[in-house]
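The values are calculated or read from the model by the stated rules, or taken from the named source; none is laboratory data. As the structure is a computational prediction, the values presented were derived from the model and not from experiment. Every residue, glycine among them, receives a Cβ derived from its backbone with ideal geometry; neighbour counts consider all protein chains shown. Keep in mind that these areas ignore ligands, DNA and RNA; they rest on the heavy atoms of the full protein, side chains included. Shrake-Rupley method; radii C 1.70, N 1.55, O 1.52, S 1.80 Å.
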Amino acid sequence: MLRLALYQPDIPQNTGTMLRMAACLGLAVEIVEPAGFDVSDRHLRRSGLDYLDHVAITRHRSFAAFAAWRAEAGIRLVLATTAGALPYTDFAFRPDDCVMVGRESAGVPEAVHAAADARIVVPIRPGLRSLNVAVAAAMIAGEALRQVGGPSRAGV
């Protein structure tokens, strides 16, 4: 199953948007803590509305815990980063990839860059910094699902 990993998310509304998208598109979600807000089910329900019952969410206490889980599961980490060189549309996604997006305020540290199996970018116009993290995640998820054949109009 294709996964979306949120690295220490800062903004509950963006997290809610990505959880809703994941529910609708059939993606599992990995939340790498600590987050900039309370990620308890009660707080996620406020931002994710009634979609949380339709998405598999796993919380990882740290990046080290996430990395250990990923290594044991043999899951490839694809990092979405403004420092990436390969456009996401040129990347060959696999059905079991985990696409990670960084913090809204700071992205991810160098150690996460080094741990990634691939680094992709959503190309934008020169002179602009970045897209909203939820928008970038949606664009990448759409392309990944297009490539791996996922969800149909009839549902996941």
If you place +1 on the Cβ of every Lys and Arg, -1 on the Cβ of every Asp and Glu, and leave all else neutral, what size is the dipole of region 60-113 about its Cα centre, to the nearest 20 Debye?
-> 120 debye
Give the percent of DSSP beta bridges with both residues in the chain that are antiparallel, rounded to the nearest 5.
-> 10 percent
Pick out which of Thr17, Thr89, Thr81 has the largest mean-square fluctuation in a Gaussian network model of the chain, springs linking Cα atoms closer than 10 Å.
-> Thr89
Specify the residue with the greatest mean-square fluctuation among Glu104, Glu30, Glu72, computed from a Gaussian network of the chain linking alpha-carbon atoms under 10 Å apart.
-> Glu72
Given H placed on each backbone N at 1.01 Å, which residues far from Arg76 in sequence or on other chains put an amide H within less than 5 Å of it?
-> Cys98
From the Cα gyration tensor of the chain, with a ≥ b ≥ c the square roots of its eigenvalues, which class applies: rounded if a/c is under 1.5, or else prolate if a/b is larger than b/c, or else oblate?
-> rounded
So what is the relative contact order for the chain, in percent, with contacts set as C-alpha pairs under 8 Å and at least six apart?
-> 29 percent
What accessible area per residue comes out for region 1-130, rounded to a whole number of Å², with a 1.4 Å probe?
-> 52 Å²
For the chain, what % of the accessible area comes from carbon and sulfur atoms, probe 1.4 Å?
-> 52 percent
For the chain, with a Gaussian network of springs between Cα atoms less than 10 Å apart, report the residue from Gly26, Gly127, Gly142 with the top mean-square fluctuation.
-> Gly127
Answer rounded, prolate or oblate for region 85-132, using the Cα gyration tensor with square roots of eigenvalues a ≥ b ≥ c: rounded when a/c is under 1.5, else prolate when a/b is larger than b/c, else oblate.
-> oblate
Tell me, how many Å apart are the Cα centres for region 59-84 and for region 99-156?
-> 14 Å
Rounded to whole Hz, the Karplus (6.51, -1.76, 1.60) HN-Hα couplings of region 102-109, x for glycine and proline = x, 5, 4, 8, 8, x, 10, x
Value of [θ]222 nm, deg cm²/dmol, for the chain, DSSP H segments ≥ 4, -39500 (n - 2.57) each, nearest 500 = -10500 deg cm²/dmol
Region 56-110: C-alpha gyration tensor shape, a/c 1.5 cut-off, then a/b vs b/c = oblate
